[in-house]
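In what follows, a single structure is set out as structure tokens and then discussed.
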Amino acid sequence: MKTRYGMVIDVDRCTGCGACMVACAAENNVPPGSPRVTPRTGITPMLVHKVSNGADGEGRREAFLPVTCMQCEHETPCVSVCPQQAVQLDPATGIVMQMPQRCLGCRYCMTACPYHARYFNWWDPAWPQGMEKSLNPGVAVRMRGVVEKCNLCHARLHAAQEKAAAAGKREINPHDYVPACVEACPTRAITFGNLADEKDPASQAARSPEAFRLLARLGTEPKVYYRSTRPWVRALAEPDTGRKEVQHG
Amino acid sequence: MSRRSVTFGFGFLAALAVGWFAFPRALYVQRAQPLEFRHKTHAGKSGVTQCSDCHALREDGEFAGIPRMDTCAACHTDRIGTSEPEATLVDNYIKKGQETPWLVYSRQPANVWFSHAIHMRRAGLKCAECHGTYGESDQPRAYQVNRISGYSRDIWGRSISRFRRAPHEGMKMSDCEDCHRKRSIEVGCLGCHQ
Amino acid sequence: MKLTRRDLLTLGGGVTTGLLFTPVPWKLLDDTSIWTQNWPWIPQPARGPVEVKNSFCALCPNGCGMRVRLAAGWPVGVSGMPHHPVNQGALCPLGFGAHQLNWHPRRLRQVRHHGRASSWTEALGAFRKACAAGPVAIIDGYPGRAASSLFQSFSRRHGSYGVTLCAEERALGPYETWSGVPATALGYDLENTATIVSFGAPLLDGWSAPGRFTRLWSERSAGVTNPQLRLIQVEASQSRTAACAWRWVSIAPGSEAALAAGLARALHEEHRASENVPMPPTTLAEAATRSGLSEDAIRELARTMVARGPVLAIAAAPEPAVAALNIVLGAVGARGGIVRRRQHAESYASADSVKGPFRAVLIDSSVPGEFALRTDAEVFRFAAWEDPAVHADWWLPAPGFLEEPSDIPAAPASSIETYALAVALASPPPEVRSAAQFLAQVNPSLASVEKVIHERCQQLFAARTGHLHREQSTAVANLKSAEALEKEFRSGAVWMGDPPRTGGVRCQLREWPAQQAMDAPHAATWTGGWIPAVLPPLATKLYQESSLREPPARSEI
């Protein structure tokens, strides 16, 4: 069966705690921010935005929107602009694979990405002395001058594949491949799975009536869906003229 | 022959000589392993007959690679022979609880992910297909390191031109690609990288 | 024959052309490109066997279960322990970066006395002198551990023992006053409640053990119009919990007590109050004025509250009016309310109230980073990370994250008793010593932490109650020996006692409490439960590299 890994993020369940952001950074060997880092120059492959319905006072409602690489399936913008072919849509899994080591740092992909989900290494990674012992061996450390983004915790997919191969199996056990953000969420707001498998809970959630995708009208066919029963949250999917502010991180 | 063509030819031949003979010698420097381990000694005497007796796959699929000290310590907690390399192992490493700092011939960069489990179990490759018959040798093998890149000579292969290589010689990305192409196995970038 | 410039150029041309027919340019290109990708100052992860082991986080009294991934013997990642019956696999946001804490730049690696380097010998000497000269106070931030029993044994002979309790436990203070049951034996039976009225308690953001309420809320309440579990958040501003709650009731700041009294009054008037409960003196009009809600709104809120029982009111601080409201609601000692999770419990003296004067004060590393004592006594402070804003005469390097074995008592405000053993998974720096080890050196007759743990396992085994939770759960009664029990603990099993019986706690209340909170409302910050003086380095993602959180008051990395 075809495999298309994707996620459904339930905005009604997200409390904005930030556990997914920290777990993602730890899994991917993202260095702690330099003293000069800002929300624009930081590296946050998982980034949670605070959004609101634009009203003030009693009528104001807020929610949280975790944003990660949307794993665009159709005419993936970053793939089409990269001069180095440093990013590729994997035909086998649907994951948009970023190869920082191949990147030359032109940042064209950062311009192309409609979701601002790509991050540039402005500085060489630096950890306090000795902390490199705590680095995850499954993910290579990037040097400055390259772009990185969420790879759907590919190291965990590798581990699942290796475990399956050692046991003589062809297919991985889905329980062995759980991205860090999905695992970390205290309210289980993120459902991860194979969107191409009709029986998969993620696939079913993506097809529910409350599901929506950000900027769907661009036609990039993102594989990260959102879900909410609140109409004002669903309305955030498309920017509207005359619409209220959406606070960016 | 004109003076010009002689001079040119002289330079040409000098370059050829330097490029083919002096350059490979200068590019690589030999390093000694911390001790002279001999595979054959183990194969004959202690019944260690398979590669996987020491270089094994763990339960979660990870490959043990160069065995850790506790594998060696299973037999060598104290000296069981008379050789000098064993004395070095026992006194300098096992007794002090330190891992032996082996120089790894097939060490790949950190951004490479190679799964022994997939290649051994799914592809059915034998150790010698990539690593040669080193496991049957009774001579310790020289470790030559490239001065510029810092990697073992085994990655490029012994032959400086990469012509007429032995089937197992070379572990560069192009070598992996050749085999994958031959067997029509397509993997994306992150299929081998991390 | 003279060599001319032309000869040189021709020679150069020959050499250049010749080189093209050698491997030199191609090999140099290849090698140089590899060289440019391997700068020596880019750290590389260690290569070595990867293992996954179970342990527990002791950085705050919640004692979350963790699955720790180790590479070459060092923790390289943490995730929650799915089989933990309380945390159910969740961790706080800061916990995910905790494995890097041990190398934080502010890690304390050496004994310091008045700012200059010192030694354990000097510290021991000074402490022995202090003990001989007068009483010593020991302050513990994580009571109930084996180490805590050591502190208590020591203080019985040499002085006093005081604890700092976390906000959730302090909020149970009024029930302790009125029932005599220690707050450390009480808990909220959230799992069996149908309606929760939270007076500013950040239930979904750093309250009690992570996962405990968030999982419950996610399963029973999130995104559903008519949920099984109704969360009513009464709070002046829209916190994260208020934004997610089924209903958010916005009130004037500081009017929780007035509103609680007003609600109790409304329930009385509609004959929905429990018997034997005094009527609050506050009228509905007064409550309305103070809280900013209309009288009708208060009545409507009261009706909504009791529409689906059991109902439980939770306050962020020890608010007597909210506790009294719980009595009115019949929540004290009832299913889905305030329950007593254990028979035998101790009432501890608060650190602020231990009677001095003391010759010395010893502060354990489990005490919150910002805890400061106003005292003239000599302060011996154990800490894994230094806090320059806090004064101590002696800074003593204590074990950090996963660096010492410990036992893990039940999380504060939990409704069921649990017990577990945290194994050490990281090697501490050489100069590190725990307060328990230090005191054992001062008084060698004290039992060691290991011995106390061993005895507790024996007692637990002998009691034959409860279950051990692993991937499968087993009844303790089915185990063969206390050693088997201890072995299970060391591989990450969690013991869980029997569910609490109703009626375990009863409050006597003659009259409605005076409308004053017993202590200042706890300033809720997102680092609330986090005890250490420093944040994990990756926490910068939350406030510096995004606008998800406010920067913490103290300057951290």
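A few points about this structure:
- Evaluation of C:ALA58 against the conditions (1) at the interface with chain B (Cβ under 10 Å from one of its Cβ atoms); (2) of a type in the set (A, V, I, L, M, F, W, C); (3) part of a loop (DSSP other than H, G, I, E, B) shows that the sole unmet condition is (1).
- Matching helices (runs of 4 or more DSSP H) fully within region A:130-249 where at least 2 residues are in contact with a Leu (Cβ under 7 Å, 6 or more places away or on another chain) and closer than 24 Å to A:GLY16 by Cα: A:201-206
- Whichever residue in region A:165-213 is of a type in the set (S, T, N, Q) and surrounded by 16 or more Cβ atoms within 10 Å (Cβ to Cβ) and, among such residues, is farthest from the other protein chains (Cβ to nearest Cβ): A:SER203
- Residue count for region B:81-119 under the criterion of being within 30 Å of A:ALA167 (Cα to Cα) and assigned to a loop (DSSP other than H, G, I, E, B): the result is 13.
- A:ASP10 meets the stated requirement of being in contact (Cβ under 8 Å) with a residue 12 or more places away in the chain and acidic (Asp, Glu).
Every residue, every condition in (1) in contact (Cβ under 8 Å) with a residue 24 or more places away in the chain; (2) of a type in the set (Phe, Trp, Tyr); (3) assigned to a helix (DSSP H, G or I), yes or no:
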{"site": "A:CYS20", "(1), (2), (3)": "yes, no, yes"}
{"site": "A:ALA23", "(1), (2), (3)": "yes, no, yes"}
{"site": "A:ASN29", "(1), (2), (3)": "yes, no, no"}
{"site": "A:GLY33", "(1), (2), (3)": "no, no, no"}
{"site": "A:THR41", "(1), (2), (3)": "yes, no, no"}
{"site": "A:PRO45", "(1), (2), (3)": "yes, no, no"}
{"site": "A:LYS50", "(1), (2), (3)": "yes, no, no"}
{"site": "A:CYS72", "(1), (2), (3)": "yes, no, no"}
{"site": "A:GLU75", "(1), (2), (3)": "yes, no, no"}
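Residues are listed down the side, and each one gets a yes or a no for (1) closer than 29 Å to A:GLN88 by Cβ; (2) crowded, with 17+ Cβ neighbours inside 10 Å; (3) of a type outside the set (Ser, Thr, Tyr):
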| residue | (1), (2), (3) |
| --- | --- |
| B:SER115 | yes, yes, no |
| B:ILE118 | yes, yes, yes |
| B:GLN139 | no, no, yes |
| B:ILE155 | yes, yes, yes |
| B:CYS179 | yes, no, yes |
| B:LYS182 | yes, no, yes |
| B:GLU186 | yes, no, yes |
| B:CYS189 | yes, yes, yes |
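- Test: residue in region A:41-57 that is more than 7 Å from chain C (Cβ to nearest Cβ), surrounded by fewer than 24 Cβ atoms within 10 Å (Cβ to Cβ) and under 18 Å from A:ARG107 (Cα atoms): yes
- Matching residues, region B:53-69, being touching a helix residue (DSSP H, G or I) at 6+ places or on another chain (Cβ under 9 Å) and either over 30 Å from A:ALA159 (Cα atoms) or within 12 Å of another protein chain (Cβ to nearest Cβ) (or both): B:ALA56, B:LEU57, B:ARG58, B:GLU59, B:ASP60, B:GLY61, B:GLU62, B:PHE63, B:ALA64, B:GLY65, B:MET69
- In region C:125-132 there is no residue matching the filter, namely being within 14 Å of chain A (Cβ to nearest Cβ), basic (Lys, Arg), in contact (Cβ under 8 Å) with a residue 60 or more places away in the chain and within 30 Å of C:VAL442 (Cβ to Cβ).
- Evaluation of C:ALA236 against (1) out of contact with any Pro (no Cβ under 7 Å at 6 or more places or on another chain); (2) outside any helix (DSSP H, G or I); (3) within 23 Å of C:ASP205 (Cβ to Cβ) (one fails), failing number: (1)
- Counted residues, region B:1-30 - those being buried (at least 17 other Cβ atoms within 10 Å of the Cβ) and within 9 Å of chain C (Cβ to nearest Cβ): 10
- In region C:461-492, the residues that are in a helix (DSSP H, G or I), within 19 Å of C:PRO82 (Cα to Cα) and of a type outside the set (D, E, K, R): C:PHE489
- Filter pass, C:ARG6 being more than 7 Å from chain B (Cβ to nearest Cβ), among the charged types (D, E, K, R) and either under 23 Å from C:SER366 (Cβ atoms) or not in a helix (DSSP H, G or I) (or both): no
- Any hit, region A:122-133, residues being among the hydrophobic types (A, V, I, L, M, F, W, C), closer than 27 Å to A:THR220 by Cβ and under 16 Å from the mean Cα position of the chain (by Cα): no
- Identity of the residue in region B:31-48, exposed (fewer than 15 other Cβ atoms within 10 Å of the Cβ) and assigned to a helix (DSSP H, G or I), that ends up farthest from the chain's Cα centre (by Cα): B:LYS45
Since every read-out is calculated from the coordinates, none of them should be taken as a lab result. Everything numeric here is computed off the predicted structure, so don't read it as measured data. Virtual Cβ from ideal backbone geometry, glycine too; neighbours counted across all protein chains shown.
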